[in-house]
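Undergrad: Quick one: this structure, given as structure tokens, is what I'll be asking you about.
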Amino acid sequence: MNFEAVASSLREDARASVTEIDLDASATTAPTPGVIAAVVAAMSEGYGNPSSGHGRGDAARRILADARDAVNELISGASEDGVTFTSGCTEANNLVLRSFAGAPARIITTAVEHPSVIATVNDIRATGGLVTILGVDGDGGIDLTELRTAVNAASGPCLVSIQLANSETGILQDARAIAAIVSGSADCFFHADAAQAVGKIDLTVGRGVGPDVVTLSGHKLHAPMGIGAVVVAADSHIPLQALLRGGEQEHGLRAGTEAVPAIAGLAAACQEWAGMRGERQRTLTEMQSALEARLAAIDGAIINGAASPRLPNVTNVRFAGIDAMALVANLDARGIYVSQGSACSSRRPEPSPVLVAMGLSEGEAFSAIRLSLSVHNQASDVDLAARAIAEIVAQMRGGL
């Protein structure tokens, strides 16, 4: 008997009687109707190869040009030539980091970065690259004095790679302060993984005022999976090098025929965010405040990083003495989807490296879940989810 298939069937039967509530937007977001329409239109009307010299190619190139403009509607300080489309933020991060992989270049990053950054810098260090990894305090923030010391100690080209917003806790770093430190060295540059931040906060790139380059992933803001971008500030001369070879697409930085339909979807998502950014940010903030107020009322609940500036849609909470994996499973059975951390590493039975870096014990890290809201959520979702969490936690403690 295939027990996994039977278990899956039972879960589906259970879900058929409940309303699904997706509170895992940091992992991925459902596309909006406008995004779906843009993808379908590009597949049916703009399917030409952008490198072709005929009319179909012209139509595809117009989609790319419009998409670069749409990305720049959400990111101030960039230019059309500064947008390079990739398959997602993982590829985009690799492109930026590996441009600084050879000595004497030094990469300075933190212990709480996304796995695509941590794994890449570890690989670079293993092959002789120079890497400095900074810690964070109990509130998830970096020590700016420690960063300044590391930048001043770099004897050659330097890349500071620090995320704008943590995918597990939503904690924001001070991009302007980091940029001011980095800009003090002519051959040092600031890269920020902005996958979680784009749209949720106002974002500026530019020498001394923000990152020199940011990377993003479309499926974090309701665009399709499989599309992302590298966005370079108009006034930056960061020396990026192509990661993929075999063509001159994307200003020579990303070989391969562009995924025009996915890019059209990203453009639609960016335009929607740009048009409703303030309203969406306010709505997410209101729902997050209501959710956290309900969670804080549960005995033994602690919001991780509560003292720090955070995204308006991400809450990381731990419940003393509770097995978070079991809590996630119980919520899943009710059709409520949350996670224990980054979707790129949460399937491993290990405590969150982010929470451990913030000083939590393994036991505390294993008791934490992440709830992340999207524009598809409503106030009723928050009410139902908070009530379910309180009930399940009480049941789990009653069974101890």
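The values are calculated or read from the model by the stated rules, or taken from the named source; none is laboratory data. Note that this is a predicted model, so its numbers are computed, not measured. Cβ coordinates were reconstructed from backbone atoms using ideal geometry, including for glycine residues, and neighbour counts include every protein chain displayed. The accessibility values were calculated without ligands, DNA or RNA, using every heavy atom of the protein model including side chains. Shrake-Rupley method; radii C 1.70, N 1.55, O 1.52, S 1.80 Å.
Undergrad: Carbon and sulfur: what percent of region 181-241's accessible surface (1.4 Å probe)?
TA: Answer for region 181-241: carbon and sulfur cover 55 percent of the accessible area.
Undergrad: For region 220-311, what relative contact order do you get, as a whole percent, if you take Cα pairs closer than 8 Å and at least 6 residues apart?
TA: Dividing the mean separation by the residue count of region 220-311 yields 22 percent.
Undergrad: With no solvent and one point on each alpha carbon, what is the Debye value of log10 I(q)/I(0) for region 163-207 at q = 0.20, 0.30 Å⁻¹?
TA: Each listed q corresponds, in turn, to -0.64, -1.14.
Undergrad: Can you give the accessible area per residue of the chain, in Å², using a 1.4 Å probe?
TA: The answer is 41 Å² per residue.
Undergrad: Something else about it: Could you compute Rg(Cα) / (2.2 N^0.38 Å) for region 216-257, with N its residue count?
TA: 1.34
Undergrad: Taking all protein chains as present, what is the carbon and sulfur share of the accessible area of region 260-327, in % to the nearest whole number, probe 1.4 Å?
TA: With neighbouring chains kept in place, the figure for region 260-327 is 55 percent.
Undergrad: Along Cα→Cβ, 7 Å out, is where each label goes; now give me the distance between the ones at D123 and A326 in nm to one decimal.
TA: My value for the distance between the label points is 3.8 nm.
Undergrad: Let me ask something else. According to the Cα gyration tensor, what semi-axes, each the square root of 5 times an eigenvalue, does the equivalent ellipsoid of region 114-162 have, listed from largest to smallest in whole Å?
TA: Working: eigenvalues 74, 53, 11 Å².
Each semi-axis is the square root of five times an eigenvalue, giving 19, 16, 7 Å.
Undergrad: Cα atoms only, region 30-185: Rg and Dmax in Å?
TA: So, for region 30-185, Rg and Dmax equal 19.3, 58 Å respectively.
Undergrad: Once the other residues with Cβ under 15 Å from the Cβ of A306 are scored (Lys, Arg +1; Asp, Glu -1), what is the net sum?
TA: -1
Undergrad: In addition: Which value results for Rg/Rh of region 72-137 when Rg is the Cα radius of gyration and Rh the Kirkwood radius based on the inverse mean 1/r? Don't skip to the end; give the middle numbers.
TA: Values: Rg = 13.7 Å, Rh = 13.2 Å.
My calculation puts Rg/Rh at 1.03.
Undergrad: Here's a follow-up. Take the Cα atoms of the chain, build their convex hull, and give its volume per residue in Å³.
TA: 158
Undergrad: Using the Kirkwood radius built from alpha carbon pairs, what does the Stokes-Einstein equation give as D for region 15-100 at 25 °C and 0.890 mPa s, in µm² per second?
TA: 153
Undergrad: Continuing with this model, one more query. Label S380 and S185 with points 7 Å out from Cα along Cα→Cβ: what is the distance between them in nm?
TA: That separation, rounded to one decimal, is 5.5 nm.
Undergrad: Still on this model: If DNA, RNA and ligands are ignored and the probe is 1.4 Å, what is the ranking of Y47, Y337 by accessible area, most exposed first?
TA: Heavy-atom accessible area, descending, gives Y47, Y337.
Undergrad: Oh, and also: Kindly report, to the nearest 10 Å², the accessible surface of I181 as traced by a 1.4 Å probe over protein heavy atoms only.
TA: 20
Undergrad: Step by step: find N for region 226-339, compute 2.2 N^0.38 Å, then divide the Cα radius of gyration by it. What's the final number?
TA: That works out to 1.56 for region 226-339.
Undergrad: Turning to a different aspect of this structure: Could you sort V356, V160 by their accessible area in this structure, using a 1.4 Å probe and putting the largest first?
TA: Greatest to least solvent exposure: V356, V160.
Undergrad: Would you kindly calculate the translational diffusion coefficient of region 300-400, applying Stokes-Einstein with the Kirkwood radius from alpha carbon pairs, for 20 °C and a viscosity of 1.002 mPa s, and quote it in µm² s⁻¹ without decimals?
TA: 152
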